[in-house]
1. With Cβ to Cβ distances under 15 Å as the rule, what net charge do the other residues near R155 carry (K, R +1; D, E -1)?
2. What is the distance in Å between the Cα centroid of the range 14-43 and that of the range 112-137?
3. Report the label-to-label distance for E19 and Q67 in nanometres (one decimal), using points 7 Å from each Cα along the Cα→Cβ vector.
4. Name the aspartates and glutamates eligible as straight-distance cross-link partners of K23: C-alpha to C-alpha under 14 Å, and not fewer than 8 places from it in the same chain.
5. Given the range 1-131, what percent of its DSSP beta bridges are antiparallel, to the nearest 5?
6. Compute, for the chain, the length of the dipole vector about the Cα centre, with Cβ point charges of +1 (Lys, Arg) and -1 (Asp, Glu) only. Units Debye, rounded to 20.
7. Let me test this: with uniform point scatterers at the alpha carbons of the range 1-77, what is the Debye-based log₁₀ I(q)/I(0) at q = 0.14, 0.20, 0.25 1/Å?
8. Can you tell me the accessible area per residue over the chain, all protein chains present, probe 1.4 angstrom, in square angstrom?
Amino acid sequence: MAKLDILEFPDPRLRKIGEKVEKIDGEIKKLIEDMAETMYAADGCGLAATQVDVQKRIFIMDFSQDQNELEVFINPELTPLCEEPSEFPEGCLSVPGFFENLHRPNRVLVKALGRDGNPFEKEYEGLLAVCVQHENDHLDGKLFVDQLTKLKRDRIRKKLEKEHRLTNK
């Protein structure tokens, strides 16, 4: 396994749209393993392939304390199951150090392929539903900061750009 570099906002590569996975082969399975290692090393609970500059429709999640309940979503399709949004704080490995309260549907149905290539359907609620929606947004080139005001988004961008300049000196 290999730890991958996580792209950080405002990197334009985060705006690329993931392509449908046509075949689950050794390359895809290795990518999933590398993504998991990367996510766990960054203390994250979700990671999309597009965040590591791989334009595939894949994301992973794990909310377990022991990091032993990895869920893999290949070519996911989401359907909101309620119109009433809930507010949860969201953060992102691609926008490190920032958390904002956003409104998203509280329940969603996900149809996807698992790591083994078998299709599955599963309902998610609460924070898990938020995470699924957040990671799926990455596959469409969207970030949680897109839902903020332009002023907030610009402040975050400027702070991260300043940090990048300081760490790259």
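1. Numbers: positive: K150, K152, R153, R157, K158, K159, K162; negative: E100, D146, D154, E161, E163.
Neighbour charge sum, excluding R155 itself: +2.
2. 15 Å
3. Those two pseudo-labels are separated by 3.1 nm.
4. D116
5. Details: 26 of 27 bridges.
DSSP beta bridges in the range 1-131 are roughly 95 percent antiparallel.
6. On the way: 26 positive and 33 negative charges, 191 e Å.
For the chain, the charge dipole is close to 920 debye.
7. -0.42, -0.86, -1.27
8. On the way: 9430 Å² over 169 residues.
Per residue, the chain has an accessible area of 56 Å².
The values are calculated or read from the model by the stated rules, or taken from the named source; none is laboratory data. What you see is a predicted model; the values in this text were computed from it and never measured. Neighbour counts run over all protein chains shown; Cβ positions are idealised from the backbone, glycine included. These area figures cover heavy atoms from the full protein model, side chains too; ligands, DNA and RNA do not enter into them. Shrake-Rupley method; radii C 1.70, N 1.55, O 1.52, S 1.80 Å.
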